[in-house]
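Comments concern the structure below.
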Amino acid sequence: MTDPTVNETTSKSGGGGGSDASRIGEVKQWLTQEFSQAGKEVPDFEYTPRSVAYLHNLATLSQAQTQASKILASDFRLKASEYRAQAARIGEILESVGLAKEGLASNVVSSAQVLANVANLLNIRDTELSSFLVAMGDISLRKTGVEEKRAKAQKESNILLDYTRKAISRLTYLKRTLAQLEDDAGQCEAHIEHWKNNLALMLGKEKQYNQETVRFKDTLNRVGYTPDISHGVLVGLAEERKELEKKTKPVLDTLRSYQDLPPDKALAALAIEDKKRQYAAAEKYFEDVLHTALSTSK
């Protein structure tokens with residue numbers, strides 16, 4: 001019975017139809033053989049190029065493994081027959097010299113069996129003492145190698161354990177630091193909020209102070225203030241004023257004393273003119289001092 005899927009796949013393959021058909025035939029033959037050995041029928045499925053290629057590779061590998069296993073089985077059967085023939089020959093030799101297995105004591109048989117088991121365990125071909133010594137030496141060397149590898153592995157394990165302990169310690173420290181930072185973060189957020197409020201207040205104050213500064217500058221400009229009029233200049237002028245007041249005080253006292261003179265118009269007029277000249281001279285001296293102080297400050 002022809003599979004319609006196989007025909008469709010074959011018809012679609014074009015020039016390589018013969019090759020695809022042969023591969024599908026090999027796959028179907030292999031599946032039928034394998035499932036028949038298991039007592040089952042081949043299930044229905046679609047023969048696509050991908051499935052055919054996969055099953056063909058699988059069939060090729062399976063057949064190669066089967067052929068190899070047959071060769072090994074044939075070789076094992078040949079060796080087994082040779083071993084049986086050799087065992088029979090050795091049995092005849094032992095029986096001829098009176099060492100047949102049936103005639104030996106049970107402890108001798110047990111010892112021989114143990115010796116054979118040890119030889120098989122050591123993977124030696126005979127039970128000669130030299131073979132046992134060589135095998136034991138090989139085991140000793142392997143044991144030394146294993147001990148060295150074990151010591152190296154133990155050393156590496158100790159190093160890894162030390163690294164692990166340090167890593168755990170650092171992890172614990174980092175967790176503790178993280179917890180502390182999280183606690184500090186809440187406090188810092190409160191401080192930041194407080195600083196934000198203070199910053200808003202300071203910005204308001206800065207704006208107010210700037211406005212007051214502008215107003216004060218306008219006032220100073222309006223009254224004729226210049227940078228030349230400094231505190232030192234004002235202090236110097238105040239001291240000069242005090243000196244002038246000290247100098248003009250006797251003149252003022254003299255003028256006030258004239259108010260007590262008898263009403264002699266001629267003498268009074270002369271005295272008044274004299275005092276006026278003194279007062280004018282004092283005023284002129286005050287103006288000169290003031291002018292000199294301002295010039296020096298500039």
If the reach is capped at under 17 angstrom between alpha carbons, list the lysines near residue 175, excluding any in the same chain fewer than eight residues apart.
166
When Lys and Arg each count +1 and Asp and Glu each count -1, what net charge do the other residues less than 15 Å away from residue 121, Cβ to Cβ, add up to?
+1
Going residue by residue through the stretch 80-94, the Karplus relation 6.51 cos²θ - 1.76 cosθ + 1.60 with θ = phi - 60° gives ³J(HN,Hα) values, rounded to whole Hz and with x marking Gly or Pro, of 4, 5, 5, 5, 5, 5, 5, 5, 5, 5, 5, x, 5, 5, 5
Quick one: 3J(HN,Hα) in Hz for the stretch 233-238, Karplus 6.51/-1.76/1.60 with θ = phi - 60°, rounded, Gly and Pro as x.
5, 5, 5, x, 5, 5
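For the stretch 103-234, what is the Kirkwood estimate of the hydrodynamic radius, computed as the reciprocal of the mean inverse distance between distinct Cα atoms, to one decimal in Å? Show your work: numbers first, answer last.
Numbers: mean 1/r = 0.0387 Å⁻¹.
With all distinct Cα pairs of the stretch 103-234 included, I get 25.8 Å.
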Within straight cross-link reach of residue 205, meaning Cα distance under 21 Å, which lysines are found once same-chain residues fewer than 8 apart are removed?
196, 217
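So how do 170-178, 112-120 stack up, highest first, on mean other-Cβ count within 10 Å? Intermediate results must be reported in sequence, preceding the final value.
Details: 170-178: 10.0, 112-120: 11.7.
Per-residue Cβ counts within 10 Å, averaged per peptide and sorted highest first, yield 112-120, 170-178.
Values in this text are rule-based calculations from the coordinates and carry no lab data. These numbers were taken from a predicted model, which means no experiment stands behind them. Note that each Cβ is placed from the backbone with ideal geometry, even for glycine, and that neighbours are counted across all protein chains shown.
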